[in-house]
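This report concerns only the one structure given below.
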Amino acid sequence: MRIRTAEFIQSATRPSEYPRGNFPEVAFAGKSNVGKSSLINALLNRKNLAKTSSSPGRTQSINFFRVNGKISFVDLPGYGYACVPLALRRAWKPMVESYLQIRKELRLVVVILDARREVSPEDMDLMDWLDHHRIPFLLVLTKADKLSSLDRARKRRSLQENPPFAGTEVLFFSALTGEGKAELWKKIEEALGPQE
Ligand code: GDP
């Protein structure tokens, strides 16, 4: 997609704060530090629109961005950050699950994993939950620039041969090289439906 405009709209912790307007949405989820902000910024050709989670307290809200005035990108707070106080960690689940369950505009969740690392229990919980609630999601393995082609083939196989990933689409991505960007945009556009 050609990005004409991309702007931050709103932060929300509860449904009454979600922006109105009925624009189709794609949400991005992943462990803190996985490369979620870098991925969003790369998709939108921006350097600092989505903020990195280096200050954990600040990122515990859902951030909405409007793209080309007609679709929304939703940056869900990163999970699994050990330094986040327990109270904040506990708040993550109801905040994110409410969004995922309530939000009618949601078309796709991009679940971001680190291509070099094992899938964590929190990642598994999220995917099981999405699967259970029949919310469409896509697996994106970021920081792919750190993997050899042999490692990629192994990784793809190990994910696709094991439940709950069997048959799930897996995309390799790199915010550094731009690898996978066109492919991911294609998937997002397919999920969001025709835009005039
Ligand atoms: P977030 O906490 O999930 O938003 O993660 P960030 O986008 O802040 O990225 C965390 C760290 O990973 C930063 O040091 C980034 O420079 C690095 N990073 C993010 N994406 C990539 C990538 O595609 N390749 C490489 N090599 N490093 C990346």
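Screening Leu113 on (1) touching a Lys or Arg at 6+ places or on another chain (Cβ under 9 Å); (2) within 21 Å of Thr13 (Cβ to Cβ) shows it passes everything except condition (2). The residue that is surrounded by the fewest Cβ atoms within 10 Å (Cβ to Cβ), among those in segment 72-86 that are over 26 Å from Thr5 (Cβ atoms) and within 16 Å of the ligand (Cβ to nearest atom), is Ala82.
Could you grab me the full set of residues in segment 29-40 that are near the ligand (Cβ under 9 Å from one of its atoms) and either hydrophobic (A, V, I, L, M, F, W, C) or open to solvent by 10 Å² or more (accessible area, probe 1.4 Å) (or both)?
Keep residues of segment 29-40 that are near the ligand (Cβ under 9 Å from one of its atoms), which gives 30-40.
Scanning segment 29-40 gives Lys31, Ser32, Asn33, Val34, Gly35, Lys36, Ser37, Ser38, Leu39, Ile40.
Can you run down the residue pairs with Cβ atoms below 6 Å, 6 or more apart or on separate chains, where the first is in segment 14-39 and under 20 Å from Gly178 (Cα atoms) and the partner is basic (Lys, Arg) and not in a loop (DSSP other than H, G, I, E, B)? Pairs that qualify, where the first residue is under 20 Å from Gly178 (Cα atoms) and the partner is basic (Lys, Arg) and not in a loop (DSSP other than H, G, I, E, B), are Phe28/Lys36; Gly30/Lys36. Entry remark, segment 145-186: residues being of a type in the set (Val, Ile, Thr) and in contact with an Asp or Glu (Cβ under 8 Å, 6 or more places away or on another chain) number 1 in total. If you go through segment 153-196 and keep only what is of a type in the set (Val, Ile, Thr) and within 16 Å of the ligand (Cβ to nearest atom), you end up with Val170, Thr177.
Would you check which residues across segment 18-28 are open to solvent by 50 Å² or more (accessible area, probe 1.4 Å) and in contact with a strand residue (DSSP E or B) (Cβ under 7 Å, 6 or more places away or on another chain) and list them?
Listed by number, the list holds a single entry, Phe23.
The values are calculated or read from the model by the stated rules, or taken from the named source; none is laboratory data. The structure displayed is predicted, hence computed values, not measured ones. As a convention, Cβ positions derive from the backbone with ideal geometry for all residues, glycine included, and neighbour counts pool all protein chains shown. Note: accessible area is taken over every heavy atom of the protein model, side chains too, but ligands, DNA and RNA are not part of it. Shrake-Rupley method; radii C 1.70, N 1.55, O 1.52, S 1.80 Å.
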